[in-house]
Amino acid sequence: MPEATFHFPPDFKWGTATAAHQVEGSNENNDWWLWEQQDGRIKEGHRSQPSCNWWEQAEEDFDRAAALGQNAHRLSVEWSRIEPREGYFDDAALERYRTMLQALRERGIEPMVTLHHFTTPLWLVEIGGWENRRVVHFFNRYVARVVEALGEFCDLWCTINEPNVMTALAYVRGIFPPGKQSLRLAMQVARNLLRAHAAAYRRIHVLQPEARVGFAHHEHIFDPANPRSPLDCWAAGMQHRSFNCVFTDSVVRGWWMLPLGFGPAWRLRKTLDWIGLNYYTRDVVAFDAQAAGELFARKFHQPGAELLDGGYGEFYPQGIARSLKRLSRFGLPIYITENGLPDADDDQRPRALLTHLYQVWKVIQECVPVMGYYHWTLVDNFEWAEGWTMRFGLISLSLETQERTPRPSAYLYRDICQANAITPSMIDTYAPEARELLLPG
Ligand code: IFM
């Protein structure tokens with residue numbers, strides 16, 4: 001009997017995802033650039049510069065993506081380049097982005113453009129950044145300019161990347177700029193991010209009625225350390241609700257679902273045409289009476305679990321299926337806007353690709369409407385507070401020479417994209433150790 005091949009839907013999108021500050025280089029007018037200059041902020045004192053030099057030569061990597069069989073790419077545009085001073089829009093920067101999007105189209109790659117991916121212009125930071133409610137107006141005006149300039153080449157827009165990660169790391173843990181630790185400010189910022197998303201959604205549709213607009217949500221799995229312990233279950237549930245549900249559920253229900261505030265939020269309703277899932281890993285959670293600041297949670301990795309490089313988390317492919325199923329309750333098309341792992345020597349990535357995509361395939365069989373998958377990422381890039389210590393690329397990058405070297409997983413992903421399927425021979429060629437997981441017996 002022939003062995004199973006796992007086919008994806010005929011119009012499935014296969015791509016990679018990136019973000020401006022992580023790949024462009026020479027972004028010196030935003031909060032992350034300032035943050036990188038401060039001692040102790042980034043691991044090993046790394047800086048984003050020169051990154052992958054996309055501002056000059058993104059097209060060379062687009063060639064590589066096309067040669068690797070990809071038909072989609074998610075990239076972000078840098079607000080601080082487009083609006084370097086309040087109210088002043090730089091036509092040359094917009095033109096550069098037009099050429100990038102056109103270059104993608106010419107290579108048969110459909111762009112998805114993210115409008116905010118963690119970085120904020122310095123002029124806005126000086127007046128409070130995302131804490132200032134006027135950000136909603138500023139973001140809206142900037143989004144309108146971008147859509148007017150780039151709409152010829154793009155109709156798939158992602159307003160904001162991972163608003164939950166941005167709020168948690170910048171305003172609760174304080175390891176992203178502005179490095180604050182205040183639940184009150186975190187809630188204020190969360191509200192402004194949601195308002196900005198909703199206003200941008202409406203503005204984009206006025207300018208481009210056919211647009212498809214969503215945001216990229218990061219879902220992290222939290223499981224109770226002891227599923228029979230009501231306290232562990234409660235602590236894991238609190239982590240889940242406060243990290244995973246605030247943004248998604250507020251928009252879908254039109255009701256503020258913030259830890260410090262519930263109430264009507266009608267203007268958030270009906271502001272998603274699709275939802276993006278960024279999935280990476282999970283934690284297990286035990287109740288800890290001493291950890292009031294952490295919502296009484298002690299988080300750790302499942303004992304005996306396979307771990308990812310640099311303490312990034314646990315290798316847990318089932319989590320992508322669980323996350324997709326939760327999001328499917330919203331009744332929207334879903335894009336997997338990010339999924340990947342840090343793996344410099346590529347000893348886990350081939351198996352990670354196969355096992356995560358197998359989980360995706362399984363939920364598609366259960367009628368979960370997954371439209372596409374964007375692997376994070378094409379070429380190693382600047383990993384925020386982790387600097388260059390974590391290598392997420394299908395293609396490795398030498399920062400000294402800018403030389404690119406595809407890792408074996410780049411070819412596996414190419415084969416999957418070209419076949420629109422996972423086949424037994426791919427498993428045998430790239431990750432035979434995954435065979436018993438995918439093709440038991
Ligand atoms: O590099 C980041 C990206 O900017 C947002 N999502 C997670 C990725 C890997 O940590």
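Structure notes:
- Taking amide hydrogens as placed 1.01 Å from N in the peptide plane, the amide H of L156 sits under 5 Å from those of V113, R212, each at least 5 positions away in sequence or on another chain.
- Heavy-atom accessible surface of segment 1-142: percent carbon and sulfur, 1.4 Å: 47
- For R391, residues with placed amide H under 5 Å, excluding near neighbours: D343, A344
- Here the Karplus curve 6.51 cos²θ - 1.76 cosθ + 1.60, taken at θ = phi - 60°, turns the phi angles of segment 9-24 into couplings of x, x, 9, 5, 8, 10, x, 10, 10, 9, 9, 3, 5, 7, 10, 6 Hz, with x standing for Gly and Pro.
- Sorted largest first by accessible area at a 1.4 angstrom probe radius, with every protein chain in place, the residues I127, I334 fall in the order I127, I334.
- Put simply, segment 315-441 fits an ellipsoid with semi-axes of 26, 19, 12 Å; these come from the alpha carbon gyration tensor as the roots of five times its eigenvalues, largest first.
- For the pair R267 and Q318, a Förster radius of 45 Å applied to the C-beta separation gives a FRET efficiency near 0.80, rounded to the nearest 0.05.
- Couplings for segment 234-249, taken from phi via the Karplus curve 6.51 cos²θ - 1.76 cosθ + 1.60 with θ = phi - 60°, read 5, 5, 5, x, 5, 4, 4, 5, 6, 8, 8, 9, 4, 6, 4, 6 Hz in order; Gly and Pro are left as x.
- List R41, R133, R407, ordered by accessible area with a 1.4 Å probe, largest first: R133, R41, R407
- Distance from the C-alpha centroid of segment 313-361 to that of segment 3-71: 19 Å, rounded to the whole angstrom.
- In plain terms, the C-alpha convex hull of the chain casts an average shadow of 20.8 nm² when viewed from every direction.
- In the context of the full set of protein chains, residues of segment 286-441 present 39 Å² of accessible surface per residue (probe radius 1.4 Å, heavy atoms only).
- For H137, the accessible area of its heavy atoms, probed at 1.4 Å with every protein chain present, is near 100 square angstrom.
- The slack between W255 and E403, meaning 0.36 nm per residue of separation minus the straight C-alpha distance, is 48.4 nm.
- Per-residue [θ]222 nm for the chain (sum of -39500 (n - 2.57) over DSSP H runs n ≥ 4, rounded to 500): -11500 deg cm²/dmol
- For segment 107-118, the Karplus equation 6.51 cos²θ - 1.76 cosθ + 1.60, evaluated at θ = phi - 60°, returns couplings of 8, x, 10, 7, x, 10, 10, 8, 8, 9, 10, 6 Hz by residue, with Gly and Pro reported as x.
- Two-site label geometry, E3 and E210: point separation in nm, points 7 Å out along Cα→Cβ: 4.3
- For segment 88-190, the solvent-accessible area of protein heavy atoms averages 35 Å² per residue (probe radius 1.4 Å; ligands and nucleic acids excluded).
- Exposed loop sites here mean GluC sites (Glu not before Pro) with a DSSP loop assignment and at most 13 other beta-carbon atoms within 10 Å; the chain contains its longest site-free run at 211-305.
- Largest accessible area first, the listed residues W361, W376 line up as W361, W376 when surface is computed with a 1.4 Å probe on the assembled protein chains.
The values are calculated or read from the model by the stated rules, or taken from the named source; none is laboratory data. Fair warning: this is a prediction, and the values are worked out from it, not measured in the lab. Counting neighbours? That spans all protein chains shown, and the Cβs are built from the backbone with ideal geometry, glycine included. Please note that ligands, DNA and RNA were not included when accessible areas were found on the heavy atoms of the full protein model with its side chains. Shrake-Rupley method; radii C 1.70, N 1.55, O 1.52, S 1.80 Å.
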